[in-house]
Amino acid sequence: MATDFSVRRSLGLGIGILLVIALSAATASVTNGDSVSATPANQSIRAAATPSGQHADDDDTICEDGLMFPVWTPQDNLTTGDRFARGMVYFLALLYLFIGVSIVSDRFMAAIEVITSKEKEVRVKKQGCEDQIVVVRVWNETVANLTLMALGSSAPEILLSIIEIVAKNFNAGDLGPGTIVGSAAYNLFVIIAICVLVIPDGEVRKIKHLRVFFVTATWSVFAYIWLYLILAQITPGRVDVWEGFLTFLFFPATVMTAYIADRRLLIYKYIGKQYRMNKRGVIVQVEAESALEMNNRDEKLNTIDENGGVTEEVRDFEESRREYISTLKDLRKKYPQHDLEQLEVMAQEQLMNKGPKSRAFYRIQATRKMMGSGNIMRKISERAQSDLSEVKAELQRVDVDEAIEEDAVCKVFFEPGHYTVMESVGAFDVRVVRRGDLSSSVTVDYETEDGSAEAGSDYIGKKGTLKFGPGVDEQRFQIEVIDDEVFEQDEHFYIRLSNVSEPATLSTPKVATVMILDDDHSGIFALASKDHELVESVGVYELKVQRYSGARGKVRVPYWTEDGTAKAGKDYEEQRGELLFDNNEIEKTVQLVIIEEGSYEKDVLLYVNLGEPQQVGDDELTGIIEAAESKAAEDLTEEDKMALLGRPKAGDIVRAQLRIKESKEFKNTVDKLVQRANASILIGTSSWKEQFVEALTVSPGDDDGDNEGEEPPSPSCADYIMHFLTLFWKIIFAFIPPTDMAGGYLCFVISILCIGVVTAIIGDVASHFGCTLGIKDSVTAIVFVALGTSIPDTFASKVAAIQDKYADASVGNVTGSNAVNVFLGIGVAWTIAACYHAFHGREFEVQPGTLAFSVTLFCTEALVAILVLVFRRNPKIGGELGGPKKPKYLTAIFFFSLWIIYLVMSSLEAYGIIKGF
């Protein structure tokens, strides 16, 4: 709050200085009896001079009607007090219009966000892993920022320049170009000064896309150098068609070169390489200039080829997912009493709160907080809960759909597909089932086949036909096993299904395996499988220990767990004990407790070992074995050899490896939640009803939504005041189509038309304001209009600087916007005017005057400012924003001083106190 107060105090001080300068100039002008006229070299919307160049008397200045707004009459014999009173009315009207253009720009930016946030699915192939589908944005971030985002934040300045040209019968004016240059100066000096200042002490913010920043910074300086060249050097005093058109063409050139830098295309592919070791100890090749970037990512995120593709987007997705998992783990430690679903909601909320957001999001958030329309961040908690519910429902629906699809087909198969029986069992049942459509009658044949067991000596062969009547889903038949007194190895045979009648089909398992265990000796003990794979959400995993080649007597088998990469107490509970097999018991299980910790890419190993089995008790089998063991090898009979073979002993698999992996359901949930963790989707609207409800609702605007579990605050008195002051604009612009219509394009078109109308009125009122107080349009533009149109961007950049972990959203976009303002605002306006005059056989005259001086001054200061930002990346400071307290305050004061110098010098030149061009 202290930082907020200091920022507001600085802004207030700056505005106060500007008012003093402007009003002092106006008072001096009125006191000296000077009339403010429009010369051919310096025309303005207010058209203080009549077309014939006639002036009013020494005490009065004649102001003409604007394009949208008539002048305040009468104008004759006005006193200084009258002029001051009218000036204050115009000034308050300007403030109200600035609020209106900010609110309609809110709708415009929402449409842009919906358009640029379109997403597509990308299949990512990872080495040694199954393909993964991630969701990435269709629009490249750099292209979006330099086109629609820049247009959205600078639409008033750009449209003002174009409208002024039309309003002045395609003659040059001071208000539009002056506002563009003044806004650029304010953005570069004041906004960056505030962003440097508001970062908490000791923290820094770096520009992530540094290559793009260098490109846009170069273009932003070149844009104003180019303005000076065409005004004062190439064709002094006029602008030709080719100059205006080339100015406009620099806009796509800026976008293209920034995109090339972002994607490392063309020359960036041939930049020198260097090598370094990644986290896994593997030597990898990287670009030498990567040291300039935020080069701290795990190399396994490089999932797309080096020629571009969607590597950056996939990396961002992977980073977001890792951040989600890390947040979930921290929350599990902080709130051990919460279940996983509650923690997932909280993690999703934090991810949306802290995740990267677009320039549009921060701009809209700032506007809504200032206008008493609430804080978007408060919607995140509701959105997080909604997202989790939708994801769970979607995953459940997929499972149900798969089950329904399977149930639609009638299938016949064995259940189970494997039988293990003792030799002494006599007869046992074999079960055949059908699943799916049970409305018809189905028949299926079965027949036994020999394996190591032979029909007639080990079992009774059998074949037949089973009939399933309508609604019947199960049939059984019996197989008989032959018992003998001779110890022998375990044997098996098969039962096969065939000739199923339509419409049924045979499904797996259509062959059942029957294992016959000899029950005359102790048996061999082993684990059922050497390798096991399980998910961490299994809870308790049952590891089977089997007994075969005999099942007689009691046998004790020791077992114990052993750490691999999995650690006892963290990933599983340590186990150590003995399994006691009773007589004729052939299977036991070890109960392994797996600890679920909500890890996304968990892949750890543990081992389970079996010791030597030991006979329990003293029975007939023990005597036979001991007698055989006392004989010499050459004296052993076949019966003795079989007896020794039948001793309890360990089998081939006495050590099992268990791989614990992440829960697939949890993994799918994380993937889908991360895909939805885009806070920018909160700024769109789906219906007119929603827009009017928002317009009529007062919401608190001073809460950041970061306090978990706390009740949302009530609207403050200031929120109510701002709400009722802006209610007219909110209701008017609630009629703009919702962003969900036509993919946001309809809202985009209608919004920009509304911005044009409000901007035209702003141009008229600003002209009347300056004319009434005797302030020149060039000064009005850089002092009042530039400031008024940039206030929402100021608070948007401030919030972005604090909340975003990079400086791109707050600083990196300033240079791009400054370049785009010139290439679109001046390029389009002057191209139209030059074409119009060329068509009528005339030249489009634009005298250098104040504009050339202002541009030159700004270019000089901009170069110094950019060098300071680059210098701040050295290790002693660490980044463009924030850093140690002393450098932070020195930087902010220096940047703010550059702006004051720019305003003072430009104003003095405009009034002829110092000499310009």
Search segment 459-478 for residues that are without any contact (Cβ under 8 Å) to a residue 24 or more places away in the chain and pair each with any residue that is aromatic (F, W, Y) and surrounded by 13 or more Cβ atoms within 10 Å (Cβ to Cβ) when their beta-carbon atoms are under 7 Å apart and the residues are at least 6 apart or on different chains. K463/Y446; G464/Y446; G464/F477
Take the conditions farther than 28 Å from C754 by Cβ and either more than 18 Å from the chain's Cα centre (by Cα) or modelled with pLDDT under 85 (or both) and apply them to V135. Does it pass? yes
Hey, does segment 242-253 have a residue that's modelled with pLDDT of 90 or more, buried (at least 20 other Cβ atoms within 10 Å of the Cβ) and of a type in the set (G, A, S)? yes
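Given the condition open to solvent by 60 Å² or more (accessible area, probe 1.4 Å) and either over 23 Å from G550 (Cα atoms) or without any contact (Cβ under 8 Å) to a residue 40 or more places away in the chain (or both), answer yes or no: does some residue in segment 479-490 qualify?
Within segment 479-490, the first condition is being open to solvent by 60 Å² or more (accessible area, probe 1.4 Å), and the residues that meet it are 480, 483, 485-486, 489.
This time we only want the ones that are either over 23 Å from G550 (Cα atoms) or without any contact (Cβ under 8 Å) to a residue 40 or more places away in the chain (or both), so: 485.
For segment 479-490, residues open to solvent by 60 Å² or more (accessible area, probe 1.4 Å) and either over 23 Å from G550 (Cα atoms) or without any contact (Cβ under 8 Å) to a residue 40 or more places away in the chain (or both): present.
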From the option list F245, F222, F250, F214, single residue qualifying as closer than 30 Å to P884 by Cβ and aromatic (F, W, Y) is F214
So in segment 420-456, with the set limited to residues that are open to solvent by 50 Å² or more (accessible area, probe 1.4 Å) and among the charged types (D, E, K, R), which one is nearest to D473 (Cα to Cα)? R435
Among L898, L867, the single one that is in contact with an Asp or Glu (Cβ under 7 Å, 6 or more places away or on another chain) and not charged (D, E, K, R) is L898
Tell me, which residue of segment 198-215 that is at pLDDT 85 or above and open to solvent by 50 Å² or more (accessible area, probe 1.4 Å) is farthest from K805 (Cα to Cα)? F214
Failed condition for K805, given (1) open to solvent by less than 10 Å² (accessible area, probe 1.4 Å); (2) farther than 23 Å from M370 by Cα, with all others met? (1)
Per-region count, segment 814-863, residues open to solvent by 60 Å² or more (accessible area, probe 1.4 Å) and either touching a Lys or Arg at 6+ places or on another chain (Cβ under 7 Å) or without any contact (Cβ under 8 Å) to a residue 60 or more places away in the chain (or both): 7
Please tell me if E502 is farther than 20 Å from Y459 by Cα and free of Cβ contacts under 8 Å to residues at least 40 places away in the same chain. yes
Which of the following residues is in contact with a Leu (Cβ under 6 Å, 6 or more places away or on another chain), without any contact (Cβ under 8 Å) to a residue 60 or more places away in the chain, β-branched (V, I, T) and open to solvent by 10 Å² or more (accessible area, probe 1.4 Å): I901, I914? I914
Cβ-Cβ distance below 6 Å, separation of 6 or more or different chains: which pairs start in segment 590-618 with a residue that is under 23 Å from V654 (Cβ atoms) and among the small types (G, A, S) and end on one that is open to solvent by less than 40 Å² (accessible area, probe 1.4 Å) and at pLDDT 80 or above? G611/P558
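Looking only at residues in segment 71-81 that are open to solvent by less than 80 Å² (accessible area, probe 1.4 Å) and either assigned to a loop (DSSP other than H, G, I, E, B) or aromatic (F, W, Y) (or both), which one is nearest to C754 (Cα to Cα)?
V71
Name every residue in segment 764-777 that is assigned to a helix (DSSP H, G or I) and open to solvent by less than 10 Å² (accessible area, probe 1.4 Å), in order of residue number. Step through it out loud before you land on a result.
Within segment 764-777, the subset assigned to a helix (DSSP H, G or I) is 764-773, 777.
Selection gives D764, V765, A766, S767, H768, F769, G770, C771, D777.
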Starting from segment 187-214, take each residue that is more than 28 Å from I782 (Cβ to Cβ) and acidic (D, E) and list its partners that are at pLDDT 85 or above and in a helix (DSSP H, G or I), counting only C-beta distances under 6 angstrom and pairs at least six apart or across chains. D201/K885
Residue tally, condition at pLDDT 75 or above and open to solvent by 40 Å² or more (accessible area, probe 1.4 Å), over segment 688-713: 8
Filter segment 154-197 for residues that are polar (S, T, N, Q) and under 19 Å from V811 (Cα atoms); which is surrounded by the most Cβ atoms within 10 Å (Cβ to Cβ)? S183
Filtered residues of segment 529-547 (kept if closer than 29 Å to L517 by Cα and of a type outside the set (A, V, I, L, M)): S529, K530, D531, H532, E533, Y541, E542, K544, Q546, R547
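The values are calculated or read from the model by the stated rules, or taken from the named source; none is laboratory data. None of the values given here were measured: they were computed from a predicted structure. With ideal geometry, Cβ positions are generated from the backbone for all residues, glycine too; neighbour counts draw on all protein chains shown. The area values use the complete protein model at the heavy-atom level, side chains included, leaving out ligands, DNA and RNA. Shrake-Rupley method; radii C 1.70, N 1.55, O 1.52, S 1.80 Å.
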